[in-house]
Every structure is written in C-alpha cells, then in structure tokens.
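Chemist: Have a look at the structure that comes next, please.
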Amino acid sequence: MRKLLKRSSCFCKVGIVILMCCLCLQAMDFESFYQQVHQQALERNFVRFRNRVLVSVDAYHLLSLKEKEIFNQSYPLVLVFDRIERFITFNAQSGVGVSTQRGSHLQFDIAYYETLKDIGMSGKIHAMCVLPYFDKCILLGFAMF
C-alpha cells in the first residue's frame, strides 16, 4: 500500500510539472515570439529550430547582399508575419503563392488553399518558410486542411 501511495504521489508531481510547462509555453504568443526571434537575429544570436537558423523577415531584409548569400547556403527558416495582398494559384504540384503587403512572395502547399482563402485578402498570416526562395511555407496557428 505504501508503494502504491508513493507512486501515485510521484505521478502527481510529474503531472504538475507537465501542466506548468504547458502553461508556460502557451504564455508566449506569436507576436512575442516574432519579436524575440527578430531581436536575437539583430544581435546575430540566431534562434535555432531543428538545427536550422530561424530569422525574422525584417532582420533578413536588413542583411547585406553578401551576408544573404552566405546565410542562404544553409537554407535557414524565416518567420513572416504580415497581411495577404494577393493570391497566385498554381496547380496541385506547385501549390499556392501569396504576396504580402510588405512585398514577400510565399509559396504554400496546395493543401493550404482553402485555409488561405478563408483568411482572405488583408487577412493576417503567420508563416514559416525556407530561404532563399520563401518556399515550403507552413501556416502557424492554422490547420492545413
């Protein structure tokens, strides 16, 4: 009986720790995350996501052409938080192209078409793409289907 009580006490402690971690992770919203990534990129202390450098689109555009060439060799990831200006629909193989109000041209898988259509013109998107072509984008905070 004592062993059983000891184990249940241990499971309760583990459950509380997991709950606290989940609450802490949810405390940072997309805007705060973007600002943190942007600030660290400006300081050249890049955030890494799955062994790739993660940079904000604003910090990326501040790099010189030479820096971008060197930077793009490792196919880093870029966060784009902007509004949709226009759609360019391709086909099932090419996917969907979206231009943002600040001039980024993003390529999404065709599976995102309905979601992007629902977001609509001037709708706010949070995306993560692969540089240097701003392709293989995923929407953050939205389901793909």
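Chemist: Determine whether the range 69-76 contains at least one residue that is closer than 23 Å to residue 42 by Cα, surrounded by 19 or more Cβ atoms within 10 Å (Cβ to Cβ) and of a type in the set (S, T, N, Q). First the steps, then the outcome.
Modeler: As a first pass, look at the range 69-76 and keep what is closer than 23 Å to residue 42 by Cα: 69-76.
In the following step, the residues that additionally are surrounded by 19 or more Cβ atoms within 10 Å (Cβ to Cβ) were identified as 76.
Pick out the ones that are also of a type in the set (S, T, N, Q) and you get none.
Looking through the range 69-76, none of the residues is closer than 23 Å to residue 42 by Cα, surrounded by 19 or more Cβ atoms within 10 Å (Cβ to Cβ) and of a type in the set (S, T, N, Q).
Chemist: Going through the range 91-145 one residue at a time, which ones are assigned to a helix (DSSP H, G or I) and free of Cβ contacts under 8 Å to residues at least 12 places away in the same chain?
Modeler: Scanning the range 91-145 gives a single hit, 118.
Chemist: If we keep just the residues of the range 95-145 that are open to solvent by 70 Å² or more (accessible area, probe 1.4 Å) and among the acidic types (Asp, Glu), which is nearest to residue 76 (Cα to Cα)?
Modeler: 109
Chemist: If you don't mind, another one. Take the residues in the range 33-54 that are touching a helix residue (DSSP H, G or I) at 6+ places or on another chain (Cβ under 6 Å) and outside any strand (DSSP E or B); name whichever of them is most open to solvent (accessible area, probe 1.4 Å).
Modeler: Applying the filter and picking the extreme gives 42.
The values are calculated or read from the model by the stated rules, or taken from the named source; none is laboratory data. Treat the numbers as computed from the prediction; the structure is a model and nothing was measured. Using ideal geometry, Cβ is built from the backbone for each residue, glycine included, and neighbour counts are taken over all protein chains shown. When the accessible area is computed, the model is the full protein with side chains, heavy atoms only, and any ligands, DNA or RNA have been set aside. Shrake-Rupley method; radii C 1.70, N 1.55, O 1.52, S 1.80 Å.
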